[in-house]
Amino acid sequence: MAYERKNIQAMAAYVPGEQIDAPGILKLNTNENPYPPTPRVSEALARCDVARLRQYPPPTARNLANAIAKLHGLSGENVIVTNGGDELLRMAIATFVETTQSIAVARPTYTLYQVLAAAHGCGMAVFELDDNWQMPDNYGELLNHSGARMAFLVNPHAPSGTLVPVGQIKELAATYNGVLLLDEAYIDFVDPDIAYDSAQLVRDHDNVLILRTFSKGYSLAGLRMAYGLASPALIGALMKTKDSYNTDLISQALAQAAIEDQEYAHDTWQRVRGERTVVTQALRKVGYVVPDSQSNFILAAVPPGLEAEATYLALKEQGILVRYFKSEDRLQDKLRITIGTPEDNRRLLGALAAF
Ligand SMILES: Cc1ncc(COP(=O)(O)O)c(C=O)c1O
């Protein structure tokens, strides 16, 4: 006897990247930051008072939310702190989309969106990105026509790392009449020369909800902390559907220590950018096709004569994990590779050169 709802019975679970915890494994498959978090995180952990765990944590992570607001030049009313970006995605669907309505995605994209839609029991309008991973022309009108109540746009794009300029997102937000969820999980790795600054979009557009996470830029994937930025109206609605105490006291303190050390974080981002160039150029030299990435990973199409799946398996044999998306038609000849430390990348490039 199955007790779950019909849509849960019918759906497939999200498949996370492999998490193999063994000595010598090089993990370049889940886009973690290769550098540890700022030492201020350990200091904050040492200061945590266990006796204080007797009480509930601040329900809206007030101090952290204020630090986030200050960083982005916004107010505390524009911020919601969540237990990882994935929690924000789930809350957004629960808050803004009736089960009789649909979300929209532009594929290929983060596969969790479709899993969350299936779990919620709503529909999904699917659009295809073009060969350069760009949105269709008149995307805002297409979205309106589809009737989707919320559209997910990941920028920089995952899994290619390409970036849509803020101006184009602004136009989209102005045209689209649903909630535009701008997933900026990887935004910290964008070249500073591009001067990408989307935080002000939430002042001008009451339908924009931006996702940011501590998992990548702040090297805290294990902590499960993220936040949303949006108009007070959207944040107020999300606050109604969040768990009463969705983030714990220790995580709030550690995330705050991390975000207040911008100098350290910027340094890791710059190192990743430098290595991104090294890895991209090295792979292009040996025949891989790699679009310019503004993220902490690249999407590499294998050269003629090699198969992506076989290459992924051969790397795995050597203890190097990269991501191969077996079920995505357009990614069959490609590998998504997280940028590691110079040493990690040398190991990867050495292994690939041997194939
Ligand atoms: C595109 C994208 N969005 C959101 C997330 C969620 O990140 P987290 O739940 O670790 O904050 C991820 C994680 O890999 C991601 O790739």
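In segment 88-100, the residue that is nearest to the chain's Cα centre (by Cα) out of those that are crowded, with 17+ Cβ neighbours inside 10 Å and not aliphatic (A, V, I, L, M) is Arg90. What residue, among those in segment 1-46 that are among the charged types (D, E, K, R) and within 14 Å of the ligand (Cβ to nearest atom), is nearest to His157 (Cα to Cα)? My answer is Glu32.
Between a residue in segment 104-129 that is within 15 Å of the ligand (Cβ to nearest atom) and hydrophobic (A, V, I, L, M, F, W, C) and any residue that is at pLDDT 95 or above and not in a strand (DSSP E or B), which pairs come within a Cβ distance under 6 Å, given they are 6 or more apart or on different chains? Qualifying pairs under 6 Å: Val105/Tyr113; Ala106/Leu129; Ala106/Met135; Leu116/Leu89; Leu116/Arg90; Leu116/Ile93.
Tell me which residues, restricted to segment 72-103, are of a type in the set (Asp, Glu) and more than 12 Å from the ligand (Cβ to nearest atom). Those that are of a type in the set (Asp, Glu) and more than 12 Å from the ligand (Cβ to nearest atom): Glu77, Glu98.
Taking segment 196-214 as the range and being aromatic (Phe, Trp, Tyr) and either within 15 Å of the ligand (Cβ to nearest atom) or more than 19 Å from Thr162 (Cβ to Cβ) (or both) as the test, only Phe214 passes. Report yes if Asn144 is buried (at least 21 other Cβ atoms within 10 Å of the Cβ) and of a type in the set (S, T, N, Q), otherwise no. Judged against the criteria, Asn144 is not a match. Among the residues of segment 218-238, those that are of a type in the set (Ser, Thr, Tyr) and within 12 Å of the ligand (Cβ to nearest atom) comprise Tyr218, Ser219, Tyr227. Residue check: Glu171 meets all listed conditions (1) out of contact with any Lys or Arg (no Cβ under 6 Å at 6 or more places or on another chain); (2) crowded, with 23+ Cβ neighbours inside 10 Å but one, namely (2).
Of everything listed in (1) of a type outside the set (A, V, I, L, M, F, W, C); (2) under 21 Å from the mean Cα position of the chain (by Cα); (3) assigned by TED's automatic domain parsing to the domain that holds Ile187, the single unmet condition for Ser293 is (3).
Among the residues making up segment 279-302, those that are surrounded by fewer than 16 Cβ atoms within 10 Å (Cβ to Cβ) and free of Cβ contacts under 8 Å to residues at least 60 places away in the same chain are Gln281, Arg284, Lys285, Gly287, Val289.
The values are calculated or read from the model by the stated rules, or taken from the named source; none is laboratory data. What you see is a predicted model, and the numbers here were worked out from it, not measured in a lab. Cβ atoms come from the backbone with ideal geometry, glycine included; neighbour counts cover every protein chain shown.
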